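Structure record follows, encoded as structure tokens.
The values are calculated or read from the model by the stated rules, or taken from the named source; none is laboratory data. Predicted model only: the values in this text are computed from it and were never measured. Glycine gets a Cβ as well: all are built from the backbone with ideal geometry, and neighbour counts include every protein chain shown.
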Amino acid sequence: MRQYDSDGNGIGDLNGVGRQLDYLAELGIDAILLSPFYPSPLADEGYDVSDYKAVAPELGDIISFDRLLSEVHHRGMRLILDFVANHTSDQHPWFEESRQSRSSPKRDWYIWRDEPNDWQAALSAGSAWQWDAASGQYYLHFFFPSQPDLNWRNSDVVAAMHDVMRFWLDRGIDGFRVDAAHCLAKDVEFRDRPELQGVPIAAVNDQEYTHYVLRGMRDVVSGYGSDRLLLGEVFFNRAEDVASYYGQQGEELHLAFNFSLLRAEWAPTRFASAITEIDLAFSARGLWPTWVLSNHDRPRTRSRYDGSLQRARSAAVVMLALRGTPFIYQGEELGLEDAVVPQALRVDPHGRDGQRSPVPWTREYPHGWRGKRHCIPFPPDSELLSVEKESMSPGSTLGLYRRILALRRSLDVLRQGHLQAVRSMQGVLLFERLLEGKLLAVVANFNNLECHTPYSEGWRVVIASDGVGEGAPFPGRIRGEAAVILEHES
Ligand code: GLC
């Protein structure tokens with residue numbers, strides 16, 4: 001969100017996003033997921049909200065929001081907002097009122113205790129409990145101490161947060177990404193978890209009551225028709241744990257992020273097991289999975305693969321050929337690496353600035369950013385990897401993303417086809433997609449050297465990660481670190 005600047009102050013804003021809508025539509029995406037743009041002291045890049053029903057003044061106002069929404073819709077895309085439901089900023093008026101005294105009417109809107117238990121926070125080292133000297137109790141924060149957790153067992157909190165959802169749904173937005181969705185309800189008995197040995201409680205918190213809270217949110221969203229989305233961030237490791245947040249009859253989240261590829265190292269066995277596990281936990285139970293290679297919390301794909309652009313491009317071919325909804329993090333489509341951020345310019349105490357570097361729009365420095373101030377430096381090779389440069393070259397990473405996304409639109413088998421024959425053999429990942437007799441094969445070679453594949457006679461290359469041979473018969477061999485989508489000619 002803060003990647004798109006319109007007023008030249010070096011900070012991205014809503015009007016800046018509006019200026020790039022043609023670029024995003026041409027990329028071929030269906031929806032834009034905006035990170036938080038609400039008023040915030042920015043202790044956690046806007047994930048510390050101090051007013052849920054407004055736009056941060058440095059990013060625009062409600063008029064610029066409404067304009068952006070209508071322009072997104074005008075281009076046939078959807079707009080999804082980030083709903084930071086687990087916690088507010090400690091500067092939110094609700095928390096300021098809550099911490100006034102033990103008898104504050106909003107005391108129970110947050111989680112206060114006389115004694116801390118052994119839960120550890122995420123993002124910041126140490127206890128998930130912060131001592132508040134003025135009111136003489138500890139409050140709970142799953143993340144930074146400046147992000148006190150809301151008490152979703154309090155019906156006034158539920159009503160207030162549903163009201164926030166309705167505020168944006170009434171304006172016409174297409175859905176929400178519920179931040180840290182599995183964290184919402186806490187163990188009522190606040191039992192110690194010594195077995196976690198320092199693992200943050202946010203990584204394992206899994207309470208039945210959260211499902212009830214999500215059903216409530218789903219009802220709010222469904223009240224606006226069947227085409228509004230409730231997506232959630234559930235960052236568990238096990239696929240079936242993530243799938244449980246869709247509800248027993250699909251009455252909770254419509255979709256949850258699946259971070260298995262984001263966490264997988266560059267190894268065909270890891271990719272194959274991640275894909276199989278998701279297929280079993282989701283598709284086999286009639287659920288629709290998602291796929292993610294990068295986001296604002298993790299090093300960019302290419303940086304995770306030792307800077308290899310070839311590997312990042314092959315991983316993109318794999319992800320975009322899988323069954324499910326893929327999410328692309330801004331700049332992933334350009335093959336960007338993380339920026340190297342000197343200590344003096346770091347903003348995020350958790351070290352996530354490198355992946356949040358600005359998108360280079362134009363070739364020449366400052367790459368379309370007119371402002372004097374860039375919070376974070378540009379990624380390496382910004383001239384070569386700029387939108388301007390890549391737009392002119394069909395062989396670019398941007399060209400590759402555009403071709404695959406266009407193919408997903410035109411080929412039903414790529415969107416809806418059954419996933420089958422997932423396996424890895426001698427450093428090569430293979431899988432197939434099948435719909436009504438139409439068969440595709442996807443082959444990704446994780447070795448440095450060329451390899452033979454089981455596919456040869458009768459197969460044609462539709463997409464190649466390096467662009468070579470597209471449209472031609474497949475020779476049966478695949479170049480080192482390349483990936484292809486093949487179509488059976490019958
Ligand atoms: C989510 C966000 C992350 C944020 C955290 C706390 O995991 O993706 O950026 O720091 O929630 O709000």
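Does residue 184 satisfy the condition of being of a type in the set (A, V, I, L, M, F, W, C) and more than 23 Å from residue 48 (Cβ to Cβ)? In short, no.
Taking each residue of region 174-193 that is at negative phi and looking for partners that are surrounded by fewer than 20 Cβ atoms within 10 Å (Cβ to Cβ) and small (Gly, Ala, Ser) with beta-carbon atoms closer than 7 Å, six or more apart or interchain, yields 174/31.
Does residue 161 qualify as being buried (at least 19 other Cβ atoms within 10 Å of the Cβ) and away from the ligand (no atom under 16 Å from the Cβ)? The answer is no for residue 161. Within region 291-302, the set of residues being away from the ligand (no atom under 14 Å from the Cβ) and without any contact (Cβ under 8 Å) to a residue 40 or more places away in the chain comprises 291, 293, 301, 302. Which members of region 4-57 meet the condition of being at pLDDT 95 or above, buried (at least 19 other Cβ atoms within 10 Å of the Cβ), among the charged types (D, E, K, R) and more than 17 Å from the chain's Cα centre (by Cα)? If the condition is that a residue be at pLDDT 95 or above, buried (at least 19 other Cβ atoms within 10 Å of the Cβ), among the charged types (D, E, K, R) and more than 17 Å from the chain's Cα centre (by Cα), then 48 is the only one that fits. Look at residue 265 and say whether it is outside any loop (DSSP other than H, G, I, E, B), surrounded by fewer than 18 Cβ atoms within 10 Å (Cβ to Cβ) and either away from the ligand (no atom under 16 Å from the Cβ) or not aliphatic (A, V, I, L, M) (or both). Judged against the criteria, residue 265 is not a match.
Considering only region 163-217, state which residues are more than 24 Å from the chain's Cα centre (by Cα) and assigned to a helix (DSSP H, G or I). Selection gives 163, 170, 194, 195, 196, 208, 209.
Residues in region 118-157 that are among the polar types (S, T, N, Q), assigned to a loop (DSSP other than H, G, I, E, B) and either touching a residue at least 60 places away in the same chain (Cβ under 8 Å) or within 16 Å of the ligand (Cβ to nearest atom) (or both): 124, 146, 147.
Looking across region 93-115, the residues that are within 20 Å of residue 185 (Cα to Cα) and buried (at least 16 other Cβ atoms within 10 Å of the Cβ) come down to 94, 95, 98, 106, 107, 109, 110, 111, 112. All of (1) under 21 Å from residue 232 (Cβ atoms); (2) in a loop (DSSP other than H, G, I, E, B) hold for residue 160 with one exception: (2). Is there a residue in region 217-232 that is of a type in the set (Lys, Arg), more than 16 Å from the ligand (Cβ to nearest atom) and out of contact with any strand residue (DSSP E or B) (no Cβ under 7 Å at 6 or more places or on another chain)? Taking every residue of region 217-232 in turn, none turns out to be of a type in the set (Lys, Arg), more than 16 Å from the ligand (Cβ to nearest atom) and out of contact with any strand residue (DSSP E or B) (no Cβ under 7 Å at 6 or more places or on another chain).
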